[in-house]
Each structure stands twice: as C-alpha cells, then as structure tokens.
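None of the figures in this text is laboratory data; all of them are computed from the coordinates on show. These numbers come from a predicted model, not from an experiment. Positions of Cβ are generated from backbone atoms using ideal geometry, with glycine treated the same way; all protein chains shown enter the neighbour counts.
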Amino acid sequence: MNSKERALRAFNHEEPDRVPLEGIAWGEWSYPFLEKVLLPHFRLEKVAGSVIGFTEELDLLARMLGIDFRAVSSDPPTDFQRRAVSDPLFHNPWGVRVAPDTLEDEWGIQRQLNATRTQSRIVKHPLKGVNSLDEYTFPDAEAPGRFDTSKKLVKTWRDEYAISAIWGGDGFFSQAWYLRGFEAMILDMQSNPSFVDRLLDELLRFYVSIGMRFAEMGADILCIADDVAMQTGLIISPRLWRRYVKPRMLRLVSAVKQKGMYVIFHSDGNLEPLIPDLIEIGIDALNPVQPECMNPVKIKELYGDKLCLSGTISMQETLPFGTVEDVRNEVEERIATCGAGGGLIISPSNQATIDVKLENFVAVYETAKKFGRYPTTQPQPAPSQASINGIPTRHTLRRHEGDEVESHG
C-alpha cells in the first residue's frame with residue numbers, strides 16, 4: 001500500500017496498513033525549526049525559497065519522516081512574482097518589499113517581521129477605513145502563472161502521495177479581517193452586513209475558481225485554513241459564523257466535492273460548537289485537534305464515523321517540554337483511542353517552533369510507524385476532561401491590549 005492509498009483509506013474511514021502521517025504546516029513559524037534544527041539533522045541543505053512544499057529538500061525530508069501527504073499551493077501571478085520576493089519567514093511568503101523586513105502581498109496586505117525575525121504581523125490592512133469596495137481590485141484567480149508550480153508538483157506526486165491543495169492564503173474570516181482589520185471586521189459583521197456580504201462573495205469567487213482548478217489537475221484534498229477559535233472557545237459567535245461564513249463554505253465545499261475532492265478544515269483552538277456545522281456542510285477532516293483545547297477521544301467518540309482527525313499530538317506541551325518517552329506514550333495512546341476504524345492522521349498539532357526538541361519531533365513519526373499498524377489495539381477509556389497524558393485541556397490565552405494576532409495555523 002503506497003502513501004496515497006493509505007491516506008485516502010483513512011479519509012474514507014477504512015483501516016489502512018498503518019496510521020497515515022502528515023507533516024507540519026510548512027509556514028513561517030516552522031521555518032527557523034526547519035532551517036536550524038531539522039534539515040541539519042538529516043544532513044540536507046538549507047531550504048531555498050518558499051516552504052509550502054515546493055523544494056526538493058522538503059520532499060526528501062518528508063520521505064525520511066514517512067509523511068504520506070504532499071502540499072501544493074497557488075502562486076501569485078507571473079507579473080507579480082517578477083516584482084516580488086519569496087521570503088519563507090512571512091505568513092504569506094510572496095510580497096513586494098516596501099520597507100525593511102516588510103512585504104506587501106498581491107492583496108495589498110503588508111506584513112512586517114517581528115524583532116526576533118521568526119514570524120510576521122500585519123501592519124497595513126488595505127480595506128481599513130474604506131466605505132466601498134468599488135475602488136478595490138481583487139486578485140484574478142485565473143491570472144497567468146498562478147498554477148505553473150502546482151501543476152508540475154501534482155503531476156510528479158499524484159500517483160504516490162495524497163495531495164492537499166491550498167490557495168496560498170487563509171479562509172473567509174481570516175482573509176477578510178486581514179484585508180479590513182480585525183476590529184473593523186467584527187463591527188462590520190454587526191452593523192454593516194452588506195459590506196461583509198460583498199467582501200465574502202468576492203473571496204468565494206476566488207476560492208471556488210482556484211479549488212476547481214486544483215480538482216482538474218488531480219489534487220485529492222482541498223485545505224481550508226481559517227482560524228476561528230482560540231484556546232478557550234470561538235473568536236466570533238456561532239451566530240455570526242453561521243450567518244456569514246457557513247453558507248459560503250457550503251458552496252465552496254459542494255463545488256469541489258462534486259469533482260471528487262476531499263476537504264480538510266484547519267482552525268487552531270477549541271471550535272467544538274462548530275463541528276456539527278462543519279460535518280453538515282461536508283468537511284471530511286478536522287485539523288489540528290489541539291489536545292490542549294479539545295479532547296481527541298471525545299471528538300472521535302462523537303464524530304469519528306463522519307470526521308477524520310488530523311494532528312492531535314501536543315505542540316504546546318509534549319513536544320517542547322516533554323521527554324521522548326512522553327511523546328511515545330502520547331502517540332501510542334492516540335492510536336489506541338482514536339485509530340480504530342481509520343479516520344486518524346498523526347502529526348504534531350501545529351507548526352514546529354524553534355523550542356521544539358528535535359528528538360521529540362522525530363519520535364512522533366518513528367513511534368507512529370512502529371506502533372500504528374492495523375489492526376490497532378482496542379480503544380481505551382477516554383482520558384478525563386481535565387487532562388490528556390497530564391496535559392491540561394484548557395489554557396488561558398493572553399493578548400496585549402490592541403494586538404492583532406494573525407492566523408498562523
């Protein structure tokens with residue numbers, strides 16, 4: 001059984017030969033860990049260019065870890081790329097350099113690296129303060145050059161790996177507030193619904209067009225990444241999410257599933273109130289199922305016949321602060337309690353920051369390959385709601401007054 005067969009069996013809630021393995025989200029939080037820790041360990045050269053799966057080094061690394069998926073993304077148009085640079089330290093790596101450590105992407109969003117140059121934050125929202133969208137030009141989903149790289153990679157990987165595709169940015173809520181500003185977007189949802197409706201409809205057109213192109217080229221999975229939750233609950237109310245985001249996600253999901261694609265939804269945090277809605281609109285898998293926020297066993301018991309769990313291994317506690325034995329115990333426990341019947345994909349529950357221990361990170365994959373063979377052991381009783389492997393399931397998220405924290409999941 002090759003990686004593609006193994007991964008898609010899990011999506012179909014069938015037991016493959018072993019639990020499939022995913023990689024970390026190859027984004028800017030991960031890049032320092034990749035460059036300074038992981039690649040030297042495997043004696044690979046420094047990654048050049050984007051870190052969304054477009055380099056030979058990353059493909060070799062994924063092979064060494066036993067990862068069963070490969071990721072592709074749409075690019076900015078060719079004419080934008082000629083003016084821009086690709087810097088993997090930024091949340092959106094492609095951008096025109098407008099100031100030191102500051103890039104402006106094709107949407108007009110400007111991001112600046114922080115003082116440690118380990119991640120970026122938004123410093124300019126192009127729609128902030130405007131009253132109409134008439135003067136704003138949305139990117140063209142069909143612009144020349146947008147799919148040149150992804151077409152080549154899908155053709156290379158499609159027979160061997162499950163290919164997940166993303167449009168080079170985040171989903172409806174996140175991208176909307178990146179454009180508008182967080183506070184302004186929340187206020188608009190309450191008092192300016194016509195503006196929000198038009199903005200999200202424009203995003204929907206862009207996303208559907210790109211999703212259909214991915215389906216046509218043979219990608220298996222569309223990834224929708226849209227952080228709508230934090231450690232303790234949702235960022236926006238279920239009512240607002242159902243009013244604005246849900247109907248548009250339904251149209252997007254329905255369009256690509258009619259073409260045979262699966263859909264995985266990514267959001268950090270505790271989004272339990274929305275899980276039934278996600279299932280209703282056709283989401284096949286949930287990522288990353290952070291164990292600090294949600295009990296994976298509970299999610300498996302409630303929704304495991306309809307929803308595949310992707311991730312689940314603690315990136316906040318076990319990987320940076322635990323021992324190799326802690327990691328092994330958590331991976332084995334997750335397989336025993338969530339792996340029966342398929343529907344489980346193991347990976348760290350988010351991007352690997354520089355404080356993650358190398359030996360712990362590697363142990364995730366080594367343990368899953370060794371103990372993730374089917375048939376798994378019988379499911380064990382669920383851990384208490386208070387802890388999983390001693391990891392608290394509730395943490396307090398602290399933000400400084402006025403901070404706008406971009407999605408980095």
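Using all C-alpha to C-alpha distances in the stretch 50-203, build P(r) with 5 Å bins and read off the rounded percent in each one.
Going out from 0 Å in 5 Å bins, the stretch 50-203 shows 2, 8, 16, 18, 18, 15, 12, 6, 3, 1, 0 percent.
For the Cα atoms of the chain, what angle does the longest principal axis make with the long axis of helix 324-338, in degrees from 0 to 90, nearest 10?
90 degrees
Where does each of 31-37, 67-73 land if you order them by average Cβ count within 10 Å, highest first?
67-73, 31-37
Where both residues lie in the chain, what percent of DSSP beta bridges are antiparallel, nearest 5?
45 percent
On a full-extension model of 0.36 nm per residue, what is the gain between Glu5 and Lys152, subtracting their alpha-carbon distance, rounded to one decimal in nm?
Result: 50.8 nm gained on full extension.
Quickly rank 113-126, 130-143 as a protection proxy: mean count of other C-beta atoms within 10 Å, highest first.
113-126, 130-143
Where the eigenvalues come from the Cα gyration tensor of the stretch 278-326, what are the semi-axes √(5λ) of the equivalent ellipsoid, largest first, in whole Å?
They are 25, 10, 8 Å, listed largest first.
In nm², what is the average projected area of the convex hull enclosing the Cα atoms of the stretch 228-382?
9.6 nm²
State the volume of the convex hull built on the alpha-carbon positions of the stretch 142-245, expressed per residue in Å³ and rounded to an integer.
Here the figure is 116 Å³ per residue.
Based solely on its DSSP helices, what 222 nm [θ] is calculated for the chain when runs of n ≥ 4 H residues each add -39,500 (n - 2.57) and the sum is averaged over all residues, nearest 500 deg cm²/dmol?
-10000 deg cm²/dmol
Connecting C-alpha atoms closer than 10 Å in a GNM of the chain, tell me which of Val324, Val98, Val289 has the biggest fluctuation.
Looking only at Val324, Val98, Val289, the largest GNM fluctuation is found for Val98.
7 Å from Cα along Cα→Cβ at both Ala143 and Leu302: what's the point-to-point distance in nm?
It works out to 4.1 nm between the two label points.
Starting from a Cα-only point model with no solvent, please compute log10 I(q)/I(0) by Debye for the stretch 196-297 at q = 0.14, 0.23, 0.25 1/Å.
-0.54, -1.26, -1.39
Quick one: Cα centre-to-centre distance for the stretch 265-340 and the stretch 157-172, in angstrom?
20 Å
Where Rh is the Kirkwood radius over the Cα pairs of the chain, the temperature 4 °C and the viscosity 1.567 mPa s, what D in µm²/s does Stokes-Einstein return?
60 µm²/s
Treat the stretch 288-376 as a sphere of radius equal to its Kirkwood radius over Cα pairs and apply Stokes-Einstein at 37 °C in a medium of 0.692 mPa s; give the translational diffusion coefficient in µm²/s, rounded to a whole number.
255 µm²/s
Rounded, prolate or oblate: pick one for the stretch 183-242, where a ≥ b ≥ c are the square roots of the eigenvalues of its C-alpha gyration tensor, a/c under 1.5 means rounded, and failing that, prolate if a/b is larger than b/c, else oblate.
Oblate, since a/c reaches 1.5 and b/c is not below a/b.
Considering the Cα positions of the stretch 322-368, please state its Rg to one decimal place and its Dmax as a whole number of Å.
My reading of the Cα-based Rg and Dmax gives 11.0, 35 Å.
Gaussian network model of the chain, Cα springs within a sub-10 Å range: biggest mean-square fluctuation belongs to which of Ala352, Ala84, Ala165?
Answer for the Gaussian network model of the chain: Ala84.
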